[in-house]
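The structure appears right after this line, and notes come after that.
The values are calculated or read from the model by the stated rules, or taken from the named source; none is laboratory data. Computed from a prediction, not measured in an experiment: that's the story for all the values here. FYI the Cβ positions are ideal-geometry reconstructions off the backbone, even for glycines, and counts take in every protein chain you see.
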Amino acid sequence: MPSLLERLFGKRSRIQLDHDRIWKTQTLKLNGIMAHAAWLDRHATRVLMVTHFIDTFRTLEALFHSRALPYTPMMTGSSAVQLRDLQNYRPGHVLLALSDALPDIPKDQAKRVAECGFDICILVAEHHPVPAGEKVIDEFGEKLPCTVRLCYHEALDAALLKQFSGDLIGNALSLLKVPDTEAITHASIDRAIRQAQKKISRRTKTNHAADSADQWFRNNMPRD
């Protein structure tokens, strides 16, 4: 039965959404998300790294291999993220998943799972061009029996920001003299990206599968 606060104000979200971390280039973004994962690991936080597109997944896999870092890849429904994978914390170990491999946990099953005494941080290595593409991550996080932090990493030369807002954010980075090794975070940037996603969603009528965000735009964005 919902509590009085839930009845008055609605159910409280499990997800604590951090500000997006915006990097100057894709390479800096990938290095940044790996450093973010390492920092979380030092603070005994379980890390689930998620990508929307297989090209980004493969690039991150190559980074894990080149740095000899342990990770578990999850690419399909048969290898989908399970609660036991998140419970069995192993220091220095990251779960790397395609968003398609995040299971759709039935609501009745989610209610039966006991609360877990740990935190999980979901690091998303890219935005999907449309909000619907990110819904699966939100729904997965809401059904986990623990506190969930969610943080998106994106780059100025990524397909989404090249389409919308990239120049504006890039100018802000230059004016603020942000070093290449640092990301910029700000609520106004978060809002600009979400508005761009909504605009793209209104302009597109399809959501054909793609290996990369660039390919997604070629497959789905109407040519003016």
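With the requirement that a residue be touching a Ser or Thr at 6+ places or on another chain (Cβ under 6 Å) and in a helix (DSSP H, G or I), what does the stretch 26-56 give you?
Asp55
Just for the stretch 55-95: of the residues that are under 18 Å from Lys135 (Cα atoms) and hydrophobic (A, V, I, L, M, F, W, C), which one is modelled with the highest pLDDT?
Result: Met75.
Look through the stretch 57-77, keep the residues that are over 18 Å from Ala210 (Cα atoms) and hydroxyl-bearing (Ser, Thr, Tyr), and return whichever of them is surrounded by the fewest Cβ atoms within 10 Å (Cβ to Cβ).
Ser66
Go through the stretch 1-28 and count every residue that is modelled with pLDDT under 90 and either loosely packed, with under 13 Cβ neighbours inside 10 Å or acidic (Asp, Glu) (or both).
So the count comes out to 13.
Could you grab the pairs with beta carbons closer than 6 Å, sequence gap of 6+ or different chains, first residue in the stretch 192-214 and surrounded by fewer than 12 Cβ atoms within 10 Å (Cβ to Cβ), second one part of a helix (DSSP H, G or I) and not β-branched (Val, Ile, Thr)?
Thr206/Asn220; His208/Asn219; His208/Asn220
Considering only the stretch 38-50, state which residues are of a type in the set (Val, Ile, Thr) and surrounded by fewer than 22 Cβ atoms within 10 Å (Cβ to Cβ).
Result: Thr45, single match.
For residues that are under 11 Å from Ser13 (Cβ atoms) and under 10 Å from the mean Cα position of the chain (by Cα), scanning just the stretch 134-153, find the one that is surrounded by the fewest Cβ atoms within 10 Å (Cβ to Cβ).
Going through the qualifying residues, I end up with Asp138.
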